[in-house]
1. Could I have the simple spin-label model distance between Tyr310 and Leu163, label points 7 Å from Cα toward Cβ, reported in nm to one decimal?
2. Amide H to amide H under 5 Å from Glu106: which residues, 5+ apart in sequence or cross-chain, H placed 1.01 Å off N in plane?
3. List, in order, the whole-Hz ³J(HN,Hα) value for each residue of region 257-266 obtained from phi through the Karplus relation with A = 6.51, B = -1.76, C = 1.60 and θ = phi - 60°; use x for Gly and Pro.
4. Which value at 222 nm does the chain reach when only helices count, each DSSP H run of 4 or more adding -39,500 (n - 2.57), with the total divided by all residues and rounded to the nearest 500 deg cm²/dmol?
5. Through the Karplus equation 6.51 cos²θ - 1.76 cosθ + 1.60, θ set to phi - 60°, convert the phi angles of region 115-121 into ³J(HN,Hα) values in whole Hz; use x for Gly and Pro.
6. If I model a spin label at Asp276 and Ile256 as a point 7 Å from the Cα along the Cα→Cβ vector, what separation in nanometres do I get?
7. In nm, what is the difference between 0.36 nm times the number of residues separating Ser121 and Asn151 and their Cα-Cα distance?
8. Alpha carbon centre of region 107-163 versus region 56-102: separation in Å?
Amino acid sequence: MRAIHILIGILLSVWLMTDTANAQSITLIPKWTAQAQFAGYYVAEKMGFYKEEGLDVHIKHPSHSENSFLYLKEDAPQAVITNLSQALIAYQKGNRTVNIMQTSQENSLILVSHSPLKGISSLQHKDIAVWNHLSQELLDQVANKYLLHVNWIRFNNGINLFLSNAVDICMVGSYNEFPQLTECGMEIDSTHIMRFADYGYNLPEDGLYVTEKYYQEHPETVQKLVRACIRGWNWAYEHREEALDIVMEQVRHYNIGTNRYHQRKMLDEILRLQTDKNGRRPYRLSREGFDTAMDILLPENTGETNTLQYENFVK
């Protein structure tokens with residue numbers, strides 16, 4: 001009997017090794033370090049959803065100071081999570097990528113100030129802290145749209161720059177830095193914040209991208225990846241505490257300074273941002289979201305002169 005169990009174990013190991021060897025390998029690159037913002041992708045790995053699609057997916061995190069988009073290589077089996085704004089600006093520069101899945105349906109960006117904010121004019125000639133990964137082209141377009149003259153102060157992450165009064169205003173995400181401020185004991189009312197979405201800048205953010213060439217050469221592999229990722233996010237939505245268990249495994253593995261309380265708040269907000277105005281979670285970039293982004297970020301390329309069409313960018 002013992003010999004039979006050993007034989008079964010050997011055969012199972014061989015089967016698993018063969019199955020992994022035959023799986024299509026893909027490197028999935030999040031925007032930055034491990035956190036609940038990427039819960040659905042962790043779930044898909046932990047629950048075996050990638051493997052069920054015949055994929056061997058490796059999640060590789062960049063640092064806070066690195067731009068995940070720069071990891072995307074034309075001939076490599078890679079997918080990156082990045083902002084729509086980043087992808088569109090890069091596309092116009094010749095970095096041809098396609099959007100294969102859109103998680104974010106609503107913009108998370110908030111400006112928080114030590115003094116009351118009374119509209120766009122309150123930002124004039126202020127020092128505004130922004131994340132280091134944001135492209136200067138994006139910041140320039142935002143400033144141009146609202147006729148702003150501001151001093152952008154770049155930083156990698158966290159809220160210390162704002163807490164120390166080193167800047168007047170700080171850009172924060174509704175799912176991360178904003179709750180961190182309240183966790184530090186700050187009482188922030190509506191007069192001290194400006195949500196980008198309330199001022200015509202409701203651009204969808206996180207999406208999953210591959211190079212145009214990789215999509216053309218491996219469309220079935222991309223479809224399998226998207227199916228597994230959507231399944232992971234749906235599972236996380238329905239099993240939040242179990243998903244948090246998986247997230248905490250990741251943050252402990254990468255030695256990220258955080259806690260379950262904060263990651264729970266982050267996951268709840270990330271899932272809220274994935275819901276469109278009709279209460280659905282479509283996992284697809286809408287034409288409206290695409291058009292809004294083009295109008296704000298690349299106004300010279302909109303209308304009849306547009307060189308980038310929705311159908312070519314969204315798959």
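The values are calculated or read from the model by the stated rules, or taken from the named source; none is laboratory data. Since the structure is predicted, the reported quantities are computational estimates derived from the model, not experimental observations. Reconstructed Cβ throughout: ideal geometry from the backbone, glycine too, with neighbour counts over all protein chains shown. Quick note on the areas: whole protein, heavy atoms, side chains included, nothing else; ligands and nucleic acids left out. Shrake-Rupley method; radii C 1.70, N 1.55, O 1.52, S 1.80 Å.
1. Result for the modelled spin labels: 4.3 nm.
2. Glu205
3. So the J values, rounded to whole Hz, are x, 7, 8, 5, 4, 5, 5, 5, 4, 5.
4. It lands at -12500 deg cm²/dmol.
5. Working through the residues one at a time gives 10, x, 9, 10, x, 4, 4 Hz.
6. Between Asp276 and Ile256, the label points sit 2.8 nm apart.
7. Numbers: separation 30, 0.36 × 30 = 10.80 nm, distance 1.43 nm.
Full-extension gain reported as 9.4 nm.
8. Between the Cα centres of region 107-163 and region 56-102 lies a distance of 24 Å.
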